[in-house]
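Undergrad: Handing you this structure, nothing more for now.
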There are 6 protein chains.
Amino acid sequence: MEKGVRIYGELALISGSGNPELARSISAALKVPLLDVQITVFPNENIFIQLQQSVRSKDVFIIQPTCSPVNYNVMELLIMIDTVRRASAGRITAVVPFYAYARSDKKDKPRVPITAKLIADMIGVAGADRFLTMDLHAGQIQGFFNIPCDEVTAFPLLTRYFILKKIPNLVVVAADLGFAKKARNFALALGAPVAFAEKRRNGPETEYLGIIGDVKGKDVILVDD
Amino acid sequence: MEKGVRIYGELALISGSGNPELARSISAALKVPLLDVQITVFPNENIFIQLQQSVRSKDVFIIQPTCSPVNYNVMELLIMIDTVRRASAGRITAVVPFYAYARSDKKDKPRVPITAKLIADMIGVAGADRFLTMDLHAGQIQGFFNIPCDEVTAFPLLTRYFILKKIPNLVVVAADLGFAKKARNFALALGAPVAFAEKRRNGPETEYLGIIGDVKGKDVILVDD
Amino acid sequence: MEKGVRIYGELALISGSGNPELARSISAALKVPLLDVQITVFPNENIFIQLQQSVRSKDVFIIQPTCSPVNYNVMELLIMIDTVRRASAGRITAVVPFYAYARSDKKDKPRVPITAKLIADMIGVAGADRFLTMDLHAGQIQGFFNIPCDEVTAFPLLTRYFILKKIPNLVVVAADLGFAKKARNFALALGAPVAFAEKRRNGPETEYLGIIGDVKGKDVILVDD
Amino acid sequence: MEKGVRIYGELALISGSGNPELARSISAALKVPLLDVQITVFPNENIFIQLQQSVRSKDVFIIQPTCSPVNYNVMELLIMIDTVRRASAGRITAVVPFYAYARSDKKDKPRVPITAKLIADMIGVAGADRFLTMDLHAGQIQGFFNIPCDEVTAFPLLTRYFILKKIPNLVVVAADLGFAKKARNFALALGAPVAFAEKRRNGPETEYLGIIGDVKGKDVILVDD
Amino acid sequence: MEKGVRIYGELALISGSGNPELARSISAALKVPLLDVQITVFPNENIFIQLQQSVRSKDVFIIQPTCSPVNYNVMELLIMIDTVRRASAGRITAVVPFYAYARSDKKDKPRVPITAKLIADMIGVAGADRFLTMDLHAGQIQGFFNIPCDEVTAFPLLTRYFILKKIPNLVVVAADLGFAKKARNFALALGAPVAFAEKRRNGPETEYLGIIGDVKGKDVILVDD
Amino acid sequence: MEKGVRIYGELALISGSGNPELARSISAALKVPLLDVQITVFPNENIFIQLQQSVRSKDVFIIQPTCSPVNYNVMELLIMIDTVRRASAGRITAVVPFYAYARSDKKDKPRVPITAKLIADMIGVAGADRFLTMDLHAGQIQGFFNIPCDEVTAFPLLTRYFILKKIPNLVVVAADLGFAKKARNFALALGAPVAFAEKRRNGPETEYLGIIGDVKGKDVILVDD
């Protein structure tokens, strides 16, 4: 926050079950302790959450990637937002580095859902004020949110990593034409040529059609979603 | 619908994975076939739904109790509602005979969620126009819904069953004082005395405190939630 | 607020006509004066409110139990919230120790309203950010609110009062089986036995069916809603 | 409805307590019976409503002017809309010929409410789909509604009445400069001159400043709100 | 803000293309610089906006009268609000001294829009928290906003200007009976007589019907919208 | 609509100023006349719309591509939806074959708007029930709408056109790597090879980086957005 003004109350970090280690790293880096939260799963599979400390007026960040088990983690995230909101937090930011259902972002067939939008709506309705994520499958998913959405990217970290490796004979390959642009940008940053794999998806099945560009005998960095 | 007027378009029944047998029974009783729906769970655990037939302008009933696996079934219900809504259905009724998270219906401790309200909001936001359920844990849950909510009860079926059994030495026992009234009404209907078990819950633990009323040597019908 | 941070601006107290004496007591206890508010009822029965001081950016608490005259007080509460919101208050908390229409909290008959939910919605729509109440008829009413809702209870005050009285021959009686649990908890706190009155309501009429438990010759504390 | 198509289900008329006689006249004119509704006011002043017949899928018109007792009638209207909505009506039209709080339609002083907007919001939130009223204090109030709003006017009825009376020496006087245009239109329709009374309102007090135009010895029709 | 408390973060001023000179005057008067904003209009007429500085947590005021080119300026205002909201501003106030479409504020004919309400809704949906305007065509437009709306008036500035001019033979004329009251108030403040022009509008055409009051040989101040 | 059931009332077609010829073609193809609509632009640039015929209960389709003049046409579309909604239409479908601002669909730079989402929200808030468009810039834009959105595509028409032309020496070139997949699908349908142009956009400027694939001496079909 600019100039040391703290307009949303004291910072508070809460970790869901998604990736507690990540949450502990963030907590350590920020030197802000994680709040005590008791997460219980009853024998009837119902998730129950109780915050052990007050979040009244605080600026709460809930860290919960929606990784496996996906549906459990989505529900836990939503219940946690509801808990924090009803406890009169000052502001709630959902920090979801991995966004499940991100591929279900358009109706490319008739009579299918747009689940990535549904999840965005549910996060807003549960009570989040802001959303923070990382390298979305498609940038348009930001527009699914009515609340402000910040997307950070691992792009600079990844390029630096490969540049330092000094791999001599590199080619960047897009695993699907949908990432052609992403792969090209990555290749430009590495000073490497780019190639494209062509595939077609049929439900859960995928058919590979070939590769455009020269990959023979090269070290390949594959860009996938 | 009164007088044969069909104002919401043709009836359409869809079954989720919750209880396909129940859906088939309803379909058979109504002589209305179940719609073909393809439900896929990808290796990344994402649920994907595609309706195989049009629901455009139809009066769609989605039959999906949120029984075990609870969080999966809740998510599947929401995604199915989204699918049907985006396919331009005329009206959508979510039929959820078993309502998960119904016990999480009040803040009886500080800093806990009201998940039963959260689920109600999500069903509305996903796009259901009406909600149909059965014997809610607390009648107030109807008020959690902004959409009309109809609650049917198995009370007459159950009382008739026990009356026909002609059990001579019967007592109706409420497993918890929270169901004292329900147990009393049941006992009145059966012409039997009523008794009350006292218990206290601590998180997932429960402590029994005793029984008020005479149950010694009697056949007990236990009323629980 | 923790650590003296005031994130919602200066505290401001406003009293409606519901219970000005209560508002004055709160004001005296907090050492925060009540804002000047001019409440006019025109000959056409329309309520008109004008705040005599600015509430711009302030953390406003409106104290208005919806006691008799009930419908007048509900309308005055809503109009007052609208007034304060349009005057650009920073945050608005409706303090409603007595919540009218609380018994109308479920559809226990066909084609009846859930007025307790309607009132909750109207308080939210008028512009309250938070709701503060006391000993609700049913805890689930908290879930009727989309805004955070805090419920305080007179339970500790009441138990202390009776414990200090040292009444020797006490029994706690639930006036209705719906309060069986509340009465039991009260009895436990007082170290007294509990009994239950059975009644049935028919519209405005009530039929008493008897008492379960021993009350003969005892001093009775009646737990009613 | 054009061409006899009935797309909202069968017509149903319901009367509140506001003006049952008006409702009976409408019912007689349309040859559609009024639905049986049981309206109870409990000793605690709570209004309770139960519809005695189904409105499922029907095209319901609720007739309830918000005349005296104003706040009671507003609350009864809202509760009735909630009742009808939760009973799964097909469409709900609130028919409110007299609209209370219509003068409270702007912030002409600092820190006052816009109650006419608040009422419009509450009617929408309670669940009305459409609003029907008559000769609003200001046409802009239609814009307060998010739902479609139809305003009918008694203007043609009133002008015909006075034209048939053939009053020889007529002048139309606006009781306030705010109705100058309305009075002028009325005078034009009657072929009579127009005059304007000047007044200023101070809270409930009104100060008259004089009359612009010639009224001496004439028969006056006063146009007021 | 009272007492120097800054609860919404640092002030930030942004100017749209509507009236940059006005924005610069406000900036100079407040001694707060205007934020750098890059507004691009692509060859396909799409407006694109990029803020060159952070507005995170700031109390942002967007200065954009919706003057000519009207539809461009309305769209630019909405896009600018969206930009600022998605950049996580603390609070957003739309400052719109001239409000386009203000005359389209009621359905005085069948089947016409209420565009002034539509604009108000769009400003709210785009993400403004508060609205600031000047001398609205009708005060009721304030009620079209769900967000707080402050209306300032040039009335004292204008009256002082004419009082200092000491024009001897003055009359204030309402250009339309709809402004009769406004003209009268202006005349009272100037100690001058008032007169009224009568006109009727037919779509874009206007027919003048005459003047009520004495204007012959006088200096006229015309009050129009 | 399946089986001739008309559940939304009679069909009604309305054309905005965007592309009246297209509207007339649709009207002729459907043998449904266009409704008379009077669109006036006042000297103050305000758009005013009046429907000349009733749309009460009708199933209204508004045909308005948001082509040049873009901002005018967007505003006209929104005002037309508002007009139709307030005239109590049964259902409103906005038919927008060309969707302006579609490229502004993600925050690929900090502090930019997502105007494609803003437009989607405004169409919903103005009152459309359904949205119909064609070949969106990105399929995800469908997810920006809360109302059902149908996207039709010219893909089969275009491929048939080129197949019938029997161009011997064809290559399909994506004008930007973002359309790599679209171009590939088009090439597959035509049995032609595919190539990719690499470009980078900087605000309104574009820098071309080269072409991947063989285009020398071939007839090129360029796939652009």
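Undergrad: Of the beta bridges DSSP finds with both residues in the range F:11-152, what % are antiparallel, to the nearest 5?
TA: The antiparallel proportion sits near 25 percent.
Undergrad: In Å³ and rounded to a whole number, note down the convex hull volume per residue for the Cα atoms of chain B.
TA: 168 Å³
Undergrad: Once the label point is set 7 Å along the Cα-to-beta-carbon vector, what list of distances in nm do you get between B:TYR161 and its counterparts in the other copies?
TA: 4.6, 5.8, 6.6, 6.6, 8.3
Undergrad: If you place +1 on the Cβ of every Lys and Arg and -1 on the Cβ of every Asp and Glu, how big does the dipole about the Cα centre of the range B:155-223 come out, in debye to the nearest 20?
TA: The dipole magnitude comes to about 280 debye.
Undergrad: Turning to a different aspect of this structure: Long-range amide H contacts for C:ALA195: which residues qualify at under 5 Å (H placed 1.01 Å from N, peptide plane, sequence gap of 5 or more or a different chain)?
TA: C:VAL172, C:VAL173, C:ALA174
Undergrad: Mind checking which of F:GLY16, F:GLY124, F:GLY191 has the largest fluctuation in a GNM of chain F, springs on alpha carbons under 10 Å?
TA: Top of the fluctuation ranking is F:GLY191.
Undergrad: Calculate, for the range A:87-162, the solvent-accessible area per residue in square angstrom, rolling a 1.4 angstrom probe over the heavy atoms of the protein chains.
TA: Per residue, the range A:87-162 has an accessible area of 32 Å².
Undergrad: Find every distance from the label point of A:LYS31 to the corresponding label point in the other copies (7 Å from Cα along Cα→Cβ) and write them in nm, one decimal, shortest first.
TA: So the label point of A:LYS31 gives 3.5, 3.5, 7.7, 8.0, 8.6 nm to the other copies.
Undergrad: With N set to the residue count of the range D:1-107, report its C-alpha Rg divided by 2.2 N^0.38 Å to two decimal places.
TA: Scaled against compact globular proteins, the figure is 1.12.
Undergrad: Let me have the relative contact order for the range C:61-100, percent, based on Cα pairs under 8 Å that are six or more residues apart.
TA: Contact order relative to length: 63 percent.
Undergrad: Ok, one more. Take every Cα pair under 8 Å in chain E that's 6+ residues apart, average their separations, divide by the length, and report that relative contact order as a whole percent.
TA: 13 percent
Undergrad: Counting only DSSP beta bridges with both residues in the protein assembly as shown, tell me the antiparallel percent, nearest 5.
TA: Of the beta bridges lying entirely in the protein assembly as shown, close to 30 percent run antiparallel.
Undergrad: Stokes-Einstein diffusion coefficient for the protein assembly as shown at 20 °C in a medium of 1.002 mPa s, Rh from the Kirkwood formula over Cα pairs: what value in µm²/s?
TA: 62 µm²/s
Undergrad: Taking every residue in E:94-107, how many Cβ atoms of other protein chains lie within 10 Å of its Cβ, on average?
TA: Partner-chain Cβ atoms within 10 Å, mean over residues of E:94-107: 4.
Undergrad: Which of D:ALA100, D:LEU30, D:GLY143 sits farthest toward the positive end of the charge dipole of the range D:11-152, with +1 on the Cβ of Lys and Arg and -1 on the Cβ of Asp and Glu?
TA: D:GLY143
Undergrad: The range C:75-94 to the range A:99-167: how many Å between their Cα centroids?
TA: 38 Å
Undergrad: To the nearest 20 debye, what charge dipole does the protein assembly as shown have about its Cα centre, counting +1 at the Cβ of each Lys and Arg and -1 at the Cβ of each Asp and Glu?
TA: Value, rounded to 20: 0 debye.
Undergrad: Here is a follow-up. Nearest 100 Å² is fine: how much accessible area is buried between B and C, summed over both sides, with a 1.4 Å probe?
TA: Rounded to the nearest hundred, the buried surface is 2400 Å².
Undergrad: Ignore the peptide's own chain and count Cβ atoms of other chains within 10 Å of each Cβ in B:42-55; give me the average, rounded.
TA: So the per-residue partner count for this stretch is 5.
Undergrad: Decide, for the range B:105-225, between rounded, prolate and oblate: order the square roots of the alpha carbon gyration tensor eigenvalues as a ≥ b ≥ c, take rounded if a/c falls under 1.5, and otherwise choose prolate if a/b is larger than b/c, else oblate.
TA: It is oblate, given that a/c is not under 1.5 and a/b is not larger than b/c.
Undergrad: Quote the relative contact order of the range C:138-225 in percent (integer), defining contacts as alpha-carbon pairs under 8 Å separated by 6+ residues.
TA: It comes to 29 percent, rounded to a whole number.
Undergrad: Distance between the C-alpha centers of the range E:6-46 and the range D:4-66? Whole Å please.
TA: Using only Cα atoms, the two centres lie 54 Å from each other.
Undergrad: Now a separate question. For peptide B:171-181, how many partner chain Cβ atoms fall within 10 Å of a residue's Cβ, on average?
TA: What the average comes to for B:171-181 is 4.
Undergrad: Grab the DSSP H runs of chain E that are 4 residues or longer, score each as -39,500 (n - 2.57), total them, divide by all residues and round the 222 nm result to the nearest 500 deg cm²/dmol.
TA: Only helices count here, giving -8500 deg cm²/dmol.
Undergrad: If you don't mind, there's one more thing I want to ask. Name the nearest-to-axis residue of chain D, judged by Cβ distance to the rotation axis taking chain D onto chain A, and quote that distance in whole Å.
TA: D:VAL125, 8
Undergrad: At A:LEU11, label 7 Å along Cα→Cβ: distances to the other copies, nm, ascending?
TA: Spacings between copies for this position, smallest first, are 2.9, 2.9, 5.9, 6.0, 6.6 nm.
The values are calculated or read from the model by the stated rules, or taken from the named source; none is laboratory data. Because the structure is a prediction, the values reported are computed rather than measured. Cβ atoms come from the backbone with ideal geometry, glycine included; neighbour counts cover every protein chain shown. Just so you know, the surface numbers come from the protein's heavy atoms only, side chains and all, with ligands and any DNA or RNA stripped out. Shrake-Rupley method; radii C 1.70, N 1.55, O 1.52, S 1.80 Å.
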